[in-house]
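What follows is a single structure, written as C-alpha cells, with notes after it.
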Amino acid sequence: MQLTSFTDYGLRALIYLATLPQGELASITKVTDVYGVSRNHMVKIINKLGQLGYVETVRGKNGGIRLGRPADQIVIGDVVRAIEPLQIVNCSEAFCHITPACRLKGMLFSARQAFLAELDQHSLASLIDDNPPLRVLLDQPID
C-alpha cells in the first residue's frame, strides 16, 4: 500500500510540529523548506490538518502553526483514515464485471484493516520520543 503525497507530507508536517518546544509556532514556509515540498501543496495539507484539529493555526504578524493537541493523543492510524483515500481498488459493478464473484476485494479489505491496525498502535509521540537523530535532521533542539 502506498500513501498519497498529501498524507505522506501531512504526517511529515505533524512530525516536524511535534518536535517543536511546547507552544512554539512554526511557519508553513519553514515546514516546506525542511521537506522540499511546494508551499502551495503544504498550505492545502495544513488547512486540512487544521480542519481536523491536528494543527492549530494562529493568524497575525507573529502567527504560525503548531500541533492542535498533544502528540501522544494523535494516533497515526486516525490521521491516515482522516486524510487518505483508502479505497485500494474500484470494485463497483459499473467498473468491474467480476465484482459479484470476486474474492480479491475481501483480501484487500483485510489487508487494509491490518495496515490500519498497525498504525493504530503508534502515536505521533512514539515517532519523536527518544529520537535524537530525527531532531538533528529537523534542526530541532535535543531534549
>> List pairs: first residue in the stretch 119-136 and over 28 Å from L86 (Cα atoms) and in contact (Cβ under 8 Å) with a residue 40 or more places away in the chain, second residue of a type outside the set (A, V, I, L, M, F, W, C) and loosely packed, with under 14 Cβ neighbours inside 10 Å anywhere in the structure, Cβ distance under 8 angstrom, at least six positions apart or on different chains.
In response: R135/P141; R135/D143
> Within the stretch 101-112, is there a residue that is of a type in the set (S, T, Y), at pLDDT 90 or above and farther than 17 Å from E24 by Cα?
Replying inline: yes
> Which of the residues belonging to the stretch 1-18 are surrounded by 13 or more Cβ atoms within 10 Å (Cβ to Cβ) and modelled with pLDDT under 95?
Replying inline: L3
> Given the structure, is E93 open to solvent by 90 Å² or more (accessible area, probe 1.4 Å) and touching a helix residue (DSSP H, G or I) at 6+ places or on another chain (Cβ under 8 Å)?
Replying inline: yes
> With (1) open to solvent by 80 Å² or more (accessible area, probe 1.4 Å); (2) in a helix (DSSP H, G or I) as the list, and A114 as the residue in question, which single condition is left unmet?
Replying inline: (1)
> How about the stretch 126-139: which of its residues are surrounded by 14 or more Cβ atoms within 10 Å (Cβ to Cβ) and either in a helix (DSSP H, G or I) or modelled with pLDDT under 85 (or both)?
Replying inline: S126, L127, I128, L134, R135
> So which pairs qualify, if the first residue must be in the stretch 82-97 and in contact (Cβ under 8 Å) with a residue 60 or more places away in the chain, the second must be open to solvent by 90 Å² or more (accessible area, probe 1.4 Å) and hydroxyl-bearing (S, T, Y), the Cβ gap must be under 6 Å, and the two must be at least 6 apart or on different chains?
Replying inline: none
> Checking E56 against (1) open to solvent by less than 30 Å² (accessible area, probe 1.4 Å); (2) touching a Leu at 6+ places or on another chain (Cβ under 8 Å), which test does it fail?
Replying inline: (1)
>> Take the residues in the stretch 96-105 that are open to solvent by 40 Å² or more (accessible area, probe 1.4 Å) and assigned to a helix (DSSP H, G or I); name whichever of them is nearest to L52 (Cα to Cα).
In response: K105
> Are any of the residues in the stretch 24-41 surrounded by 11 or more Cβ atoms within 10 Å (Cβ to Cβ), closer than 25 Å to L116 by Cα and in contact (Cβ under 8 Å) with a residue 40 or more places away in the chain?
Replying inline: no
>> Considering only the stretch 61-78, I want to know if a residue exists there that is farther than 22 Å from D130 by Cα and assigned to a helix (DSSP H, G or I).
In response: yes
> Within the stretch 79-95, is even one residue in a loop (DSSP other than H, G, I, E, B), of a type in the set (G, A, S) and touching a strand residue (DSSP E or B) at 6+ places or on another chain (Cβ under 6 Å)?
Replying inline: no
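The values are calculated or read from the model by the stated rules, or taken from the named source; none is laboratory data. No experiment lies behind these values; they were computed from the predicted model shown. Note: ideal-geometry Cβ built from the backbone for every residue, glycine included; neighbour counts use all protein chains shown. Each accessible area value is taken on the protein alone, full model and side chains, heavy atoms only, with ligands, DNA and RNA left out. Shrake-Rupley method; radii C 1.70, N 1.55, O 1.52, S 1.80 Å.
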